[in-house]
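This report concerns only the one structure given below.
Please treat every number below as a calculation from the coordinates, not as lab data. As the structure is a computational prediction, the values presented were derived from the model and not from experiment. Note that each Cβ is placed from the backbone with ideal geometry, even for glycine, and that neighbours are counted across all protein chains shown.
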């Protein structure tokens with residue numbers, strides 16, 4: 001009884017050990033077979049990673065380069081604009097200055113006139129000191145360089161019409177009124193001279209009748225009258241020829257399109 005009891009546990013232990021060995025044998029992996037060929041050496045790749053300091057230096061260098069490029073482009077744009085302004089000023093001056101008028105003596109005379117105006121108005125009233133030099137300047141410019149003065153006034157008129165249209169209209173009205181007043185003054189002065197000459201001639205005729213002296217021949221009025229008559233005849237003939245040429249051109253233009 002004791003033996004059976006003693007043997008029974010031994011059998012169980014043997015069975016347990018066999019089962020455990022079987023489990024252990026089944027769970028262990030099988031070893032791979034070695035290849036008969038040599039295994040290739042794997043390639044080694046080195047990846048370069050910059051340090052934080054190098055990264056910051058690169059960012060600063062790129063930002064500096066971009067700032068230099070922007071400054072260079074802005075400088076080039078400024079230079080291009082300045083060159084354009086120089087060309088515009090040069091072309092404007094060439095369009096204002098007439099090539100047929102010599103600037104060397106004319107500009108010198110204009111400058112001397114302006115300086116003379118400033119010297120004359122030196123001890124005068126402040127309004128006179130401000131107005132007299134430019135008045136002398138423009139009068140001398142109109143006298144010594146008339147074509148250039150006309151071009152300059154036309155340029156100022158174009159600027160006035162572009163930027164100040166209402167002032168340009170008032171200026172045109174004032175110019176028209178001043179031109180009309182000037183024409184009236186010329187006509188009245190012409191009529192006064194004619195009346196004075198006619199009165200003088202009548203007076204001389206009366207003196208000749210009373211005294212019998214030949215004052216007209218001594219004064220040369222007869223030759224002057226003859227010359228004036230010839231000049232008037234030449235002017236009338238020239239006007240007649242101009243009218244004929246203009247009428248002929250008009251006839252040719254009207255007949256051309258048809």
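Peptides 39-49, 94-104: what's the order by average Cβ count within 10 Å, highest mean first? All intermediate terms of the calculation are to be shown ahead of the outcome.
Details: 39-49: 5.3, 94-104: 11.7.
Per-residue Cβ counts within 10 Å, averaged per peptide and sorted highest first, yield 94-104, 39-49.
To make sure I understand, if each residue's beta carbon is the centre and we count other beta carbons within 10 Å, what order do 178, 118, 149 fall in, fewest to most?
178, 118, 149
Take the stretch 117-182, compute every pairwise Cα distance, and split them into 5 Å bins from 0; I just need the percent in each bin.
For the stretch 117-182, the binned pair fractions read 4, 16, 13, 17, 23, 17, 9, 2 percent.
What nm value, rounded to one decimal, do you get for the distance between residue 53 and residue 156 when each label is placed 7 Å out toward the C-beta?
It is 7.2 nm.
To the nearest 0.05, what FRET efficiency results for residue 197 and residue 119 with a Förster distance of 45 Å applied to their C-beta separation? Each step should come with its number before you reach the end.
Details: r = 41 Å, r/R0 = 0.91.
After rounding to 0.05, the efficiency reads 0.65.
Quote the FRET efficiency, to the nearest 0.05, computed for residue 97 versus residue 169 with a Förster distance R0 of 25 Å and r equal to the Cβ-Cβ distance.
Working: r = 29 Å, r/R0 = 1.15.
Once rounded, the FRET efficiency stands at 0.30.
When a footprinting reagent is the concern and you count Cβ atoms within 10 Å, what order do 164, 138 take, fewest first? Display every interim value, and only then the final one.
Details: 164 12, 138 16.
The order, fewest Cβ neighbours first, is 164, 138.
Stretch residue 73-residue 147 to full length: gain in nm at 0.36 nm per residue minus the Cα-Cα span? Could you put the intermediate results ahead of the total?
Details: separation 74, 0.36 × 74 = 26.64 nm, distance 4.33 nm.
The residue 73-residue 147 span can extend by a further 22.3 nm.
According to the square roots a ≥ b ≥ c of the eigenvalues of the Cα gyration tensor, what is the shape class of the stretch 75-191, taking rounded for a/c under 1.5, prolate for a/b larger than b/c otherwise, and oblate for the remainder?
On the way: a/c = 1.79, a/b = 1.38, b/c = 1.30.
The shape class here is prolate.
Cα centroid distance between the stretch 97-145 and the stretch 155-176, in Å?
24
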